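Derivation of every value follows stated rules applied to the coordinates shown; laboratory data play no part. Computed from a predicted structure; not experimentally measured. Don't worry about glycine lacking a Cβ; one is built from the backbone with ideal geometry, like all the others, and counts go over all protein chains shown.
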Amino acid sequence: MKTTASRIASLLLAAVLSTIIFSSCRTEPEVVPSSSVNVGDRQLGKYRGFYLLNEGNMGSNKCTLDYYDYEEGIYYRNIYAERNPSVVMELGDVGNDMAVYDGRLYIVVNCSHKVEVLDARTAVRIGQVDIPNCRFIKFVGDKAYVSSYVGPVEIGANSPKGAIYEFDLATLRVTRTCTVGYQPEQMAVVDGKIYVANSGGYNPADYDRTVSVVDIASMTQLTQIEVGINLYGVQLDSWGRMWVSSRGDYKGVESCLYLLEKQEGDDYYKPVGKYDTPVSAMAIDGSELYYLADAWSEITMAATHGYGILDLRTLQLTGANFITDGTEAAIKQPYGLAVNDDNGDIFVMDAKNYVSSGTLYCFDHYGVRKWSVTTGDIPRAITFVPR
Amino acid sequence: MSIVVLAAVVMPASMLADTAVEGADATPRHADDVMADTLSLGEVQVTAKRTKDVIPVQVLSGAELERLNSQTVADALRYFSGVQVKDYGGVGGIKTVNVRSMGTNHTGVVYDGVELGNAQNGQIDLGQFSLDNVEAISLYNGQKSEILQPARDFGTAATVYMRTRTPRFAEGETYHARFNMRFGSFDLINPSALIEIRLARTVSASLSAEWLNSSGKYKFRYRRVTPAGELAYDTTAVRQNGDINATRIELNLNGYINMGKWHFKAYNYNSERGVPGAIVNNVWRRGERIWDTNSFVQGSFQKMIGNFTTLANAKYAFYRTHYVNNDDKQVKIDNLYKQKEFYMSSANEYQIRPWWRVSASYDFQWNGLDADMYDFARPDRYSNFLSVATAIDYKRLKLQASGMYTWIHDRIEGRESPKDKSVFTPAVYAAFNPLRTKDFALRAFVKRSFRMPTFNDLYYADMGNSKLEPETVTQYNAGVLYDANRGNKFVSEIRAGVDVYYNKVKNKIVAYPKGQQFRWTMLNLGLVDIRGVDANAMVTLVPMRDLALTFRAQYTFQRAIDITDPSDNYYRDQIPYIPRHSGSAVFNGQWRRLGVNYSFIYVGERYNQQENIRYNYTQPWYTSDISFSYDLPIKAVKLRALLEINNLLSQDYDVILNYPMPKRNFRVTLTAEI
């Protein structure tokens, strides 16, 4: 008995020691490196390349930046930390919008409550502008305009209205703000005015239904145009028409697209048409408005995906699918949409299940897949870098 | 030995049945005898008959539990094999357990005989249960070895049993009192008191109360180096909004009747907590707060009539959660959730032969959830559980087989109710002693279990999916156990066991934090294939008089991979937050009045998302905790001082991504017991 006991005792000791020895230990935590893949699609047009912004799941701090170099034909994944190793906790949490303007790249990081400012060529950090719950960005002259869910606190208001924040591109300081509707999203700048779509998404019992019109000179809200519930996307086409998407209420009221025009003698744009198709993202290239017809139904608890084209000359939904080679069967959750206005390439960003790497699909103008590449988590937006 | 104590104190009637098996005592015994029996077993543990469980069990109890550098039940569970504790950090941070990668919702948590429920999200925050009044924690892989138990207990894939202290009076004693004062890092103040009164010869009462207050402030550090080895950043900050203020008050009445016993408990827990939230770029403080009021009353009654034993349980619980987000930068949230539960159970056991018993149980449970949210579904759930079981204890063989039928009906407001769900879940357990000595046993089990999607999974406004399928698990387990108690020899006690297992989880529902701890994104992860090894060993050496040295070690290997869909980019990858290797080692030395405890916990590398890629890699962590205790009896008063140092080497680590854990921290506990 004694021998059995001591044998087991020594076995036990050996097990403990080997566990400690063989178990892997910690290494110095390194800045995450980028990775790259040779795509081979070299383009010598008006763009040097494009940045792709990955949203990252909320709380994961995995907003990441990818870059496709048109000269090399190489796709670089997750470049921010490598280019900016000393930034604590990297790019941030939930990237929402991105734009290149005057040699700089501006990234709106929603849950990090900031606009990150980088050099557009090197992706090296220049600075940041703190704007709470910021959503989208536009530029006029030497100023940027950022929509934000958080406006100045108003006495007596149940929930705060959203605002447009103006910041100076030279000093990177907020200069003025203007209160708009509830939870403002995308914007368009026209005639010295900002048109911003108010969603009211925080209050599903009573969605906002308006587009706010903000006069840039006085930074005041001139009016709110009644359009439809839960507005989100705003785009201008080359005829000066404004396209505004509504996400519906995910139940009885379907997602749709509104056309706004400014008639002779009117001060502002107003709705003139409505298209009964769900629109979750849109991109305009010349006479074509591409859109993702991605809708969710609380009733069927299922998503439907579509890849539609609206002909801007005839103002008709063509009913055609802009993907023509059957690739859509592989796309799990179309999320971002972009178009290269130089060569007509269409980009569809697949967010999959929102918590794993996405895929970027590049289609030519005829909807035939050219290439695809793995991105970060929830690929959301693309912005092209001029030469 | 702890197992025996548990069995003896919780189930004296079962012990009586065991006695009957031996045929040593044929005459009916009086209630006082039962009580005396309990007493002697409580005090003189080692002399009790050793019953080997047919079901794998791990137990921490008594002095060993006290010295284990643990504030809460969740901290103590880290020392069990096969267990992963999700810890959001700090005193107030949520702590849940996941056994053998099957998921938190497959782990039942039983508090003094009745399961704790949370129909809203299915997760029991074990960080809310302090060890102050807990005497033993045991973890069964599957159900408990006794077949006299509520039907619902047959249904969980793994069960944590928490047992609070039961008064035990020596001859002539009429009361006990214990006062505890604990303070330490994070501005912790934690006084508690326990009073036990002998009301009559067979009736006792105990009142336990506790107050916990902490700022939850601790330093944490994030550091990165470049591939060249240069420092990229190194930042130390103080965790904010992790404060907690909580009270617990618990009243127990225990009584013994002729061939039986009864128990009544009233429980109230009140807390206000800050939710510290994820640390992300540019956000170091958040404004979420939660107020919890958890109250329940429960009663149990057990009586043996000849060969028949009946056990009745009833419970009513009311949980109120008030959640507020005060963050100026985010949407203002102010929601009140009210959960109610009514539960009753009748368990009945009949002994056909001295070696053969059968049981049948029926439980009914009602859950209701209400919230002041727009378009809230206000779900009600009616659950019926019916079980039959049999146990055979014949010479060297022990067998247990059970089957449980569950029928669940949900009713929701303003919408069509989902289809009723009914499931049959069987289990078979066997243990065999191949050698003449009872020290060595082989054991195996097969068990099927399922969990219903919770109210949040199904009906939560933003993310609920009423079409969710229930999640099922099939477990196969085989193992060996060597367990010898050799009295006062040099190697006085030795125990070692190894179990290998294979679990298959179908339709797995996985929750991901959605920034706010209280809210989740639901994912139907699909199919998970889990293969693992649990190894445990414990040895107590008595090299000389007054000196006892105990070593305890456990190691867990788990390969838990997602095999849902070959087209997923995480196909056959290890599921999130499950390390391949984890383990712990504990050394405990007691010399006269002085005690020393050293414990080491290792959790290997993990991935914080489904894809096993570098961007989702989470570093291993390992902490050393040490404690010293000193006992000082002054006449009838027993004084005790305990100093604990946790995370001795001040490792910076996250258990959950972006939820940093505290660096080195201290606790001092002073106890006076009469």
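Charging the Cβ of each Asp and Glu at -1 and of each Lys and Arg at +1, and nothing else, the dipole of the protein assembly as shown about its Cα centre rounds to 4240 debye. 3J(HN,Hα) along the range B:602-618: 10, 10, x, 4, 9, 10, 8, 9, 5, 7, 8, 10, 4, 5, 10, 6, 10 Hz, from the Karplus curve 6.51 cos²θ - 1.76 cosθ + 1.60 with θ = phi - 60°, whole Hz, x for Gly and Pro. If R0 is 41 Å, the Cβ-Cβ spacing of B:LYS506 and B:LEU251 corresponds to a FRET efficiency of close to 0.45. Averaging the sequence gap over all C-alpha pairs within less than 8 Å and six or more residues apart, then dividing by the number of residues, gives chain A a relative contact order of 11 percent. Rounded to the nearest 10 degrees, the angle from helix A:2-22 to the longest Cα principal axis of chain A is 40 degrees.
Classify the protein assembly as shown from the C-alpha gyration tensor, please: rounded if a/c falls under 1.5, else prolate or oblate depending on whether a/b exceeds b/c. Judged from the Cα gyration tensor, the protein assembly as shown comes out prolate (a/c at least 1.5, a/b above b/c). Counted without the sites themselves, the longest stretch of chain A free of GluC sites (Glu not before Pro) in a DSSP loop having at most 16 other beta carbon atoms within 10 Å is A:155-253.
Here the Karplus curve 6.51 cos²θ - 1.76 cosθ + 1.60, taken at θ = phi - 60°, turns the phi angles of the range B:627-644 into couplings of 9, 10, 10, 9, 9, 9, x, 10, 6, 7, 9, 9, 9, 8, 10, 9, 10, 10 Hz, with x standing for Gly and Pro. Within chain B, DSSP assigns beta bridges of which about 100% are antiparallel (rounded to the nearest 5).
The simple Förster model, with R0 at 60 Å and r as the Cβ-Cβ distance, assigns B:PHE432 and A:ASP276 a FRET efficiency of 0.30. 3J(HN,Hα) couplings calculated from phi for the range B:130-135 with the Karplus curve 6.51 cos²θ - 1.76 cosθ + 1.60 (θ = phi - 60°) are, in sequence order, 7, 7, 3, 10, 9, 9 Hz; Gly and Pro show x. With a ≥ b ≥ c the root eigenvalues of the C-alpha gyration tensor of the range B:2-673, is it rounded (a/c under 1.5), prolate (a/b larger than b/c) or oblate? Rounded shape, in that the Cα axes give a/c under 1.5.
Scanning chain B for GluC sites (Glu not before Pro) in DSSP loops with at most 13 neighbouring Cβ atoms within 10 Å leaves B:417-674 as the longest stretch between them. Check B:ALA158: other-chain or 5+ apart residues with amide H under 5 Å from its amide H, H built from backbone geometry? Here B:GLY108, B:GLY142 satisfy the definition.
Relative contact order of chain B, taken over Cα pairs closer than 8 Å and 6 or more residues apart, is 11 percent.
Report the net charge of residues surrounding A:LEU118, where surrounding means a beta-carbon distance below 11 angstrom and charges are Lys +1, Arg +1, Asp -1, Glu -1. Around A:LEU118, the charge tally is +2. Taking 7 Å steps out from each Cα toward its Cβ at B:MET181 and A:HIS365 produces label points 8.4 nm apart. Label positions at A:ASP325 and A:VAL190, each projected 7 Å from the Cα along the C-beta direction, are separated by 3.5 nm. Each part gets one Cα centre, and for the range A:87-151 versus the range B:251-322 those centres are 48 Å apart.
Just in the range B:616-657: which trypsin sites (Lys or Arg not before Pro) are loop by DSSP and have at most 16 other Cβ atoms within 10 Å? Sites meeting the loop and neighbour criteria: B:LYS635.
The modelled label-to-label distance for the pair A:LEU44/B:GLU173, using points 7 Å beyond Cα in the direction of Cβ, is 9.3 nm. Between the range A:194-213 and the range A:216-266, how far is it from one alpha carbon centroid to the other, in angstrom? Between the Cα centres of the range A:194-213 and the range A:216-266 lies a distance of 10 Å. The alpha carbon centroids of the range B:612-674 and the range B:189-219 are separated by 21 Å. Close amide H partners of A:THR324, meaning residues 5 or more places away or on another chain with modelled amide H under 5 Å apart, are A:VAL368.
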